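Working notes for the structure below.
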Amino acid sequence: MGAVLNSTTAAGAAAPTAEDAEWRAQRLAKLTRPDGWLTLIGLHFLAEGANTVGSGADNALVLARGPARVGTVTVAKDGRVTLEVAVGAPVRVDGADVRSAELQWRPSPVATKVTFGSVTMFVIERGGRKALRVRDSEAARRVRFAGLEYFPLDASWRIAARWVPAAQPQTVAVTNILGQVSSERVAGRAIFERAGRRIELVAIDEGSEAPLFFVISDATSGRSTYGGGRHLYAARPAGDAIVLDFNRAENPPCAFTPYSTCPVPPPENRLPFAVTAGEKAYRDEIE
């Protein structure tokens, strides 16, 4: 199977490079954009049948912001989701002034967007249930964002690991913070040694055009880093070696908003030592 690469051979602090600065700038820009994770203001699960929606307390689904009555969202027995806009409500559907529409959702390429003012809502599915995800480009979390903090760059956390692709189709059970379980496709495993331990991280395959996705936790989780773990992405290797740069471990959306449904690290990806690299916990969310 080949030798396991030992990550301790590249120890030492690293001076920030232009590439590091560019990566962090892109990370910040993506997080703070007008439709980024900081804009979430609601996640409302839909019941089968009619669901009245709006900011008024008499609605089945009460929004944090918007007209008193946006309209009625109906989930049919066959799974179709439709919207009837309330009379007089300043609502647009995919930019058009319509009174009713079918709301497309994944696996459709693009979800139908319902907008009113600075707010956008659209349908998602989690754990076999449909829900309305609601964004506000003027959300307080975005407007008052406190910025990102990182551990000092450390070359020893840029690890050359051995890559073992999945020999046959494999899945791993991944639980999200709502307790919902999904089967995610495994791309393979990244194997290395650190602190005298052999580590085999499971990579989730999000598609051939996407980087490999690792959901990890370690001994800093819940202390200096977010308690639910962090995300790490790596370029797909052409051979049997893969670079894991833990200096680019990042907080999941759940570190910034209670309205996302982040995956929990699978047991294989719960590291027994402290990874003192990458993003620290978002300070405005630490209790």
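Placing a label point 7 Å from the Cα of A173 along the Cα-to-Cβ direction, the residues of the stretch 228-269 whose backbone N falls under 12 Å from that point are 267. Extending 7 Å from Cα along the Cβ direction at F273 and again at E138 yields two label points whose distance is 5.0 nm.
Per the Cauchy relation, a quarter of the hull surface: what is the mean projected area of the convex hull of the alpha carbons in the chain, in nm²?
16.9 nm²
Here A160 and R283 are evaluated by their C-beta separation; at R0 = 35 Å the FRET efficiency comes out at 0.60.
In percent, how large is the relative contact order of the chain, given Cα pairs closer than 8 Å and 6 or more residues apart? Intermediate values should be presented prior to the final figure.
Values: 623 pairs, mean separation 51.5, N = 287.
For the chain, the relative contact order is 18 percent.
Calculate the dipole size of the chain relative to its Cα centre from +1 charges on Lys and Arg beta carbons and -1 charges on Asp and Glu beta carbons; express the result in debye to the nearest 20.
Numbers: 34 positive and 31 negative charges, 50 e Å.
That gives a dipole near 240 debye.
Might you report the magnitude of the Cβ-based charge dipole of the stretch 80-185 about its Cα centre, with Lys and Arg at +1 and Asp and Glu at -1, to the nearest 20 debye?
Working: 16 positive and 10 negative charges, 34 e Å.
The calculation lands at about 160 debye.
Considering only V215, S183, L63, the residue lying farthest towards the positive end of the dipole of the chain is L63, judged by Cα position with unit charges set on Cβ. This model, with +1 at the C-beta of Lys and Arg and -1 at the C-beta of Asp and Glu, gives the stretch 37-136 a dipole about its Cα centre of some 220 debye. Note on the chain: antiparallel DSSP beta bridges, both residues inside, total approximately 90 percent of the bridges counted.
Full extension of the chain segment joining A195 with R223 gains 8.1 nm, where the gain is 0.36 nm per residue of separation less the Cα-Cα distance.
Between the alpha-carbon centres of the stretch 187-266 and the stretch 80-131 there is a gap of 33 Å.
Rounded to the nearest 10 degrees, the angle from helix 18-32 to the longest Cα principal axis of the chain is 20 degrees.
Each of P253, T32, V85 was placed along the dipole of the chain (beta-carbon charges, centred on the mean Cα), and the one lying farthest toward the positive end is V85.
Take every DSSP beta bridge whose two residues both sit in the stretch 37-136; close to 95 percent of them are antiparallel. Think of the chain as having a plus end and a minus end, set by charges on the Cβ of Lys, Arg, Asp and Glu; of S118, P16, F45, F45 sits farthest toward the positive end of this dipole.
Rule-based calculations on the coordinates, nothing more; no lab input. Source: prediction; values computed, not measured. Glycine also receives a Cβ, built like all others from the backbone with ideal geometry; neighbour counts cover every protein chain displayed.
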